[in-house]
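Structure, as structure tokens:
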Amino acid sequence: MDLPDNLADYRPSGEKCDGKYVLFGIDSDGCVDRGMRYKHGGPFPRAGIEVFGLQPIAEKWRIAWSFVNEIERRGCPRFEALAQTVDRVLEMPAVQEAERLNVVSVPRLSYLRDYLGDVASKKGYGDNVLWAHIDSLKEGPEKEELTRVAQWSRTVNSNVDADCPDIEPFSEAIATIRAAYEKKVDMLIVSGTPEKHLREAWRKHGLIDKVRGVFGRESGKKNDHLTAAVNASRESDTLYDVVIMFGDAPGDDKARKKAGESLGISVRFYPIRVGFEQEDWKRFRESFLVDPASYGETEETRFVEGFYSNLKRPWISDADLTQLFPLQQNL
């Protein structure tokens, strides 16, 4: 099966799982594989240190980045994460002292924050949207700052290509996805990762032929991915009876709610908890895959409560969080 190049070209299989049309939307990094720790422990924070000249506070930046992306705003778009990490690192007494002594200057990224609210929130968070906006600007500080942010994003992609060629998937995720494929469940990747990286990773995981679409940050927001797939099933008279979003971040929960509201249907969220990924994938396969419709509101409420409880960890600006976020030595 040839995967669609564009979200608008997605088509359902038209096959039924136990008499129902079923769709699974599946996040990738941190959900199916260990990409969150690998990428946010090395390539992402290193790009910020390199592009914004943060070498004097490198370890503080790395810890702040890890906290924002692995706990506080887990799964949020990278440009939002960049702005939030600036806020967090500026709360650190050691960074405040370094700025007072003119050892380092942390960029405040005021133009990026405006861009996030005025443009990205409406058009999407892909690099293509940012570059198009930059091209529309006159020369000046706004264009200069946003160009630097875009270059940072390119550096992130280059670092990931170089440092993360073989990210280990969760074996229980592999088993569940393969079992769902055998049961005729339609599946698509719903992610904020660049599609090039998604296709490469899922090909290496041996799963690329099990999904009907690979949609990342270039194709808009996650709720856009889900909405387009369900609308395609409606247009082909094979409207999905069951839609479940699998994810490891609050953004995945928000995306399925937004998609459900716009579609006028129920979109369930099956959370994959940080540190319990294998257990959660196995639980779904053994308890709910026999009949995906059995994953109802009661089960969802209980699992989602546990998911958010597992993510609660306070930010302490002057704490040494090195043990919580060990440097990825292999990167």
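The values are calculated or read from the model by the stated rules, or taken from the named source; none is laboratory data. Keep in mind it's a predicted model, so treat the numbers as computed, not measured. Every residue, glycine among them, receives a Cβ derived from its backbone with ideal geometry; neighbour counts consider all protein chains shown.
Yes or no: the stretch 140-156 includes at least one residue that is modelled with pLDDT of 95 or more, among the aliphatic types (A, V, I, L, M) and part of a loop (DSSP other than H, G, I, E, B).
Step one: of the stretch 140-156, the residues modelled with pLDDT of 95 or more are 140-156.
In the following step, the residues that additionally are among the aliphatic types (A, V, I, L, M) were identified as 146, 149-150, 156.
Going one step further and asking which of them are part of a loop (DSSP other than H, G, I, E, B), we end up with none.
Checked the stretch 140-156: no residue is modelled with pLDDT of 95 or more, among the aliphatic types (A, V, I, L, M) and part of a loop (DSSP other than H, G, I, E, B).
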Close pairs (6 angstrom Cβ cut-off, 6 or more residues apart or separate chains): over 17 Å from residue 52 (Cβ atoms) in the stretch 153-173, at pLDDT 85 or above and in a loop (DSSP other than H, G, I, E, B) anywhere: 163/42; 167/34; 168/34; 169/32; 169/205; 173/32
Long-range neighbours under 6 Å by Cβ, at least six apart or interchain, first residue farther than 16 Å from residue 1 by Cα within the stretch 202-217, second outside any helix (DSSP H, G or I) and hydroxyl-bearing (Ser, Thr, Tyr): 216/191; 216/193; 217/125
Residue within the stretch 192-212 that is farther than 26 Å from residue 287 by Cα, in contact with a Pro (Cβ under 9 Å, 6 or more places away or on another chain), outside the structural domain of residue 127 (by TED's automatic domain parsing) and not in a helix (DSSP H, G or I) present: yes
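For the stretch 44-56, does any single residue satisfy the condition of being among the basic types (Lys, Arg), touching a Leu at 6+ places or on another chain (Cβ under 9 Å) and surrounded by fewer than 22 Cβ atoms within 10 Å (Cβ to Cβ)? Reasoning before the result, please.
To start, the set of residues in the stretch 44-56 that are among the basic types (Lys, Arg) comprises 46.
Narrowing further to those that are touching a Leu at 6+ places or on another chain (Cβ under 9 Å): 46.
Now drop any that are not surrounded by fewer than 22 Cβ atoms within 10 Å (Cβ to Cβ), which leaves 46.
Checked the stretch 44-56: at least one residue is among the basic types (Lys, Arg), touching a Leu at 6+ places or on another chain (Cβ under 9 Å) and surrounded by fewer than 22 Cβ atoms within 10 Å (Cβ to Cβ).
Listed here are the residues, each with its yes/no results for (1) closer than 25 Å to residue 36 by Cα; (2) touching a strand residue (DSSP E or B) at 6+ places or on another chain (Cβ under 8 Å); (3) among the hydroxyl-bearing types (Ser, Thr, Tyr).
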| position | (1), (2), (3) |
| --- | --- |
| 82 | yes, no, no |
| 85 | yes, no, yes |
| 91 | yes, no, no |
| 94 | no, no, no |
| 99 | no, no, no |
| 104 | no, no, no |
| 111 | no, no, yes |
| 114 | no, no, no |
| 121 | yes, no, yes |
Residue match in the stretch 223-232 (condition: crowded, with 22+ Cβ neighbours inside 10 Å, at pLDDT below 95 and either hydrophobic (A, V, I, L, M, F, W, C) or part of a helix (DSSP H, G or I) (or both)): no
